[in-house]
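Engineer: Once you've had a glance at the structure underneath, I'll fire off some questions.
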Amino acid sequence: MDLNAIKQKLDGLQQKQQTGPKKDYSLIFWRPTVGKQQIRIVPSAYNKKNPFTELKFYYGITNKVMLSPLNFGEKDPIALFASKLREEYTKENYVLAKKLDPKTRIFVPVVVRGEEDKGVRLWQFGKLIYEELLSLAVDEEIGDYTDIATGRDLTIETVGPESTGTNYNKSSVRVRLKQTPLSSDSSLVEKWTKEQPDPNAEFKRFTFDEMKSALEKWLAPEDAVEEGDIISEPAEGFDNTAQPAPSKFSLDTSKAKENKSDKFDSLFDDDQVKDKHDDLPF
């Protein structure tokens, strides 16, 4: 073993870790904090007709959020599997299929007043906030609040867990009555409407095989354990922590005895699975 060569390799890796660029997510995403904050939704640089981007994610299958390939018109092994479960209906299949449904998050570009130096960031939220914002958009007395010349700022009021009775904050939206320009500085307006993070590019895209493998391990974690592995009990809650599959679920959806791995693979056999991807609204 050439220790000098190994030391050089180690030094190179450590230097790369120290000098490699680190992504500052605070300059990409914005999250409301407890209290009131004033923001302006900016027209999207990637979709002139609609500033909102809907993306579907899987939570809890691995310790990482997984972006569904359906967002990009591609086959999704998890969605295919859930569809197959619904075809062969049982209570256990229904519970698992529902648990496997992706969750929709919405992203919109915003400028936070008082933090304009941070540029445009992405605000992500769920169904309730989305409905509030869409309702405001179709209100004729309010109009297009994203218009760079005659739009309106929004006030986001957020309360903490002590007020919601849950472990999470809750935000509400109120439109400001006064119409104002995005900025009086035309150069800033040009910059903000062109230089924006793209929500479609901020998350890792997993391959079909990677997602299939993750699903298989989630369904049968005992098959994924190798000698020397340390397995801890998954935490409860809706977060990025891998959640266990329902303990009573079996991949055997027929009376015939069949190996779990064989049954799982058969669900992705082109001769046995009807690809319903074209029927999905993506």
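Engineer: I want the local charge near Phe208. Using Cβ-Cβ distances under 11 Å, sum +1 for each Lys or Arg and -1 for each Asp or Glu among the other residues.
Structural biologist: Its environment carries a net charge of -1.
Engineer: Just list whichever of Lys23/Lys191; Lys22/Lys194; Lys56/Lys91; Lys36/Lys64; Lys7/Lys212 have alpha carbons separated by over 29 Å in the model shown.
Structural biologist: Where the Cα-Cα span goes over 29 Å, the pairs concerned are Lys36/Lys64; Lys7/Lys212.
Engineer: Using the Cβ atoms and a cut-off under 10 Å, what net charge is assigned to the surroundings of Pro181, where Lys and Arg are +1 and Asp and Glu are -1? All intermediate terms of the calculation are to be shown ahead of the outcome.
Structural biologist: Numbers: positive: Arg40; negative: Asp147, Asp185.
Computed value for this residue: -1.
Engineer: Given 0.36 nm per residue, what is the gain on full extension from Glu190 to Tyr25 after removing their alpha carbon distance, in nm?
Structural biologist: Extra length from Glu190 to Tyr25 when fully extended: 57.1 nm.
Engineer: Once the piece of chain linking Lys178 and Asp117 is laid out straight, how much longer is it, given 0.36 nm per residue of separation minus the C-alpha distance between them?
Structural biologist: Extra length available between Lys178 and Asp117 comes to 19.6 nm.
Engineer: If you take the square roots of the eigenvalues of the alpha-carbon gyration tensor of region 1-141 and sort them as a ≥ b ≥ c, do you get rounded (a/c under 1.5), prolate (a/b over b/c) or oblate?
Structural biologist: It comes out oblate by the Cα gyration axes.
Rule-based calculations on the coordinates, nothing more; no lab input. The structure presented is a predicted model; accordingly, all values stated were derived computationally and were not measured. Neighbour counts run over all protein chains shown; Cβ positions are idealised from the backbone, glycine included.
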